[in-house]
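Okay, so here's the structure we're looking at.
Every number here is computed from the coordinates shown, using simple stated rules; none is lab data. Remember, predicted model here, so these are calculated numbers, not experimental data. All Cβ positions, even for glycine, are placed from backbone atoms using ideal geometry, and neighbour counts span all protein chains on display.
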Amino acid sequence: MSSDAHAIWDAERYQARHSYVWQFGEAVIDLLDPHPGESIVDLGCGSGQLTAKIAERGARTIGIDPSDEMIAQARANFPSLDFRIADAASLTIEDPADALFSNAALHWVNDQAAAIASIWRALKPGGRFVAEFGGKGNIRRIIEAAGGANPWFFPGIGEYSALLERQGFEVRFATLFDRPTRIEGEHGMEEWLGMFGSALMRDPKSVAEKLRPEMYRDGGWVLDYRRIRILAIR
Ligand code: BEZ
């Protein structure tokens, strides 16, 4: 995750209440298909759960995140793994990696061209870039209820593939799909807005009340997530 749109992360609250972020990310690891001995960068690793899943498959991992709170939490969770504080747009890796993975992070980055250039530099020729994040139309209803200004980057397949191709990547797979995401609890939407939506609005309670008729069902909230998932080769 970049600190661009969200300066301070409450890593403990993130870990306790937002575990769906890395639970859904396991499907992206299947697309990454890590092999024993490969070197793999996890960009926007948050509290490190997916980095650890990739390491469990035998890869040598480096988890990167711009938030010192998240990196401190990741190191506490997985003390034997390598975690570093860095921003997507200025990332530098000493030895280019076999693959770079990123889940639910790249929509926070302001300078996408700079991030793609650093991803390119972080990979060996033939290296894989595998990412999933918010795609075109992601959380459209939440943004509308909060007043309509979108501080994130939610591209369509054409837009993002063009950026990758401009850098020299070969896009081998791309998909955009609805992924309704359930958050349990009466106050789930307010918690989500409090954790992630500070760039969007100041009053989580009134935004949650606007959304309640369409998103609150059976004791939980179903958020209108939409994902772009992509595999490109350097
Ligand atoms: C997302 O994962 O789609 C997302 C999370 C927080 C803010 C915006 C989007």
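Structure notes:
- Antiparallel content of DSSP bridges confined to the chain, in %, to 5: 55 percent
- Partners of Lys210 within straight-line reach, counting lysines whose Cα lies under 26 Å from its Cα and excluding those fewer than 8 residues away in the same chain: Lys136.
- Selection from Phe133, His107, Ala122, by position along the positive dipole direction of region 107-200 (Cβ): Ala122
- Among Phe78, Ala208, Phe169 the positive-end extreme of the charge dipole of the chain (Cβ point charges): Phe169
- Computed over the chain, the P(r) tail beyond 24 angstrom holds 42 percent of alpha carbon pairs.
- Region 15-129 shape via C-alpha gyration tensor axes, a/c threshold 1.5: rounded
- Of the residues Ser19, Ser118, Ser67, the one that moves most in a GNM of the chain with alpha-carbon contacts below 10 Å is Ser19.
- Helices in the chain that qualify as membrane-span-like (whole DSSP H runs, Cα extent of at least 24 Å along the helix axis, mean Kyte-Doolittle hydropathy of 0.5 or higher) do not occur.
- Alpha-carbon centroids, region 104-144 and region 145-216: separation in whole Å: 13 Å
- Considering only alpha-carbon pairs that sit under 8 angstrom and 6 or more positions apart, the relative contact order computed for the chain is 21 percent.
- Separation between Cα centres of region 39-65 and region 17-38, rounded to whole Å: 9 Å
- Local electrostatic count at Lys53 - Lys and Arg +1, Asp and Glu -1, tallied over other residues with Cβ under 11 Å: -3
- Each principal axis of the Cα cloud of region 109-234 was evaluated for its coordinate range; sorted largest first, these ranges are 49, 26, 21 Å.
- Residue separation of Tyr20 and His187 scaled by 0.36 nm, minus their Cα-Cα distance, works out to 58.5 nm of gained length.
- If only the Cβ of Lys and Arg carry +1 and only the Cβ of Asp and Glu carry -1, the dipole of region 144-228 around its Cα centre is close to 160 debye.
- Value of [θ]222 nm, deg cm²/dmol, for the chain, DSSP H segments ≥ 4, -39500 (n - 2.57) each, nearest 500: -11000 deg cm²/dmol
- Dipole magnitude for the chain: about 440 debye, using +1 per Lys or Arg Cβ and -1 per Asp or Glu Cβ, origin at the Cα centre.
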